[in-house]
Structures are given as C-alpha cells and as structure tokens.
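The values are calculated or read from the model by the stated rules, or taken from the named source; none is laboratory data. Since the model is a prediction, treat every value here as computed from it, not as a measurement. Heads up, the Cβs are rebuilt from the backbone with ideal geometry, glycines too, and the neighbour counts pull from every protein chain shown.
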C-alpha cells in the first residue's frame, strides 16, 4: 500500500482570502504583530498500487483536480507503508 501526501498552497503574490480572514480574526482576539497568514490544503491519499504506478497516478490526480498551476504550488511525497 502507498501513502501519498500532497500539500497545496497559493503561490507567493496570489491573494489568500482565507488567510486574510484568519489573520483578521486573530487580531480581533488580541494576537498582535501578525504579518501574514497563509492557508494550505493537506491531502493524504492511500493507494493499492506499485510505487512507480502510484506516483504517476497521484501526479495525474494533481493535474486533473487538486492543483491549479496558475495559482498554486504543491509538494508531493509518495511512500510505501
């Protein structure tokens, strides 16, 4: 079995409305001196495939659904369990 871990973030310079909202809420709770809050999505996908085939399939998932390459950067790791 494989475990794929994917972290998706907005690229630097792309507006992060959820991060801005969280920053504002933290400031309302008297947490001061916060420069910026950035939000990332964390995915764990478990596959019953050989390693190389699994990596290819996860890359396809990323391209087709999980990441918009215009606005997102991502990190991916696939490991055998």
Point to revise | Residue among 7, 34 that is touching a strand residue (DSSP E or B) at 6+ places or on another chain (Cβ under 8 Å) and either in a loop (DSSP other than H, G, I, E, B) or surrounded by fewer than 16 Cβ atoms within 10 Å (Cβ to Cβ) (or both) | key: 7
Exercise for review: Kindly indicate which of 70, 58 is in a loop (DSSP other than H, G, I, E, B) and without any contact (Cβ under 8 Å) to a residue 60 or more places away in the chain.
Suggested key: 70
Exercise for review: Answer yes or no as to whether residue 44 is in contact (Cβ under 8 Å) with a residue 12 or more places away in the chain, in a helix (DSSP H, G or I) and either within 11 Å of the chain's Cα centre (by Cα) or farther than 12 Å from residue 79 by Cα (or both).
Suggested key: no
**Study point:** Residue among 55, 23 that alone is at pLDDT 95 or above, out of contact with any strand residue (DSSP E or B) (no Cβ under 8 Å at 6 or more places or on another chain) and crowded, with 16+ Cβ neighbours inside 10 Å
**Key:** 23
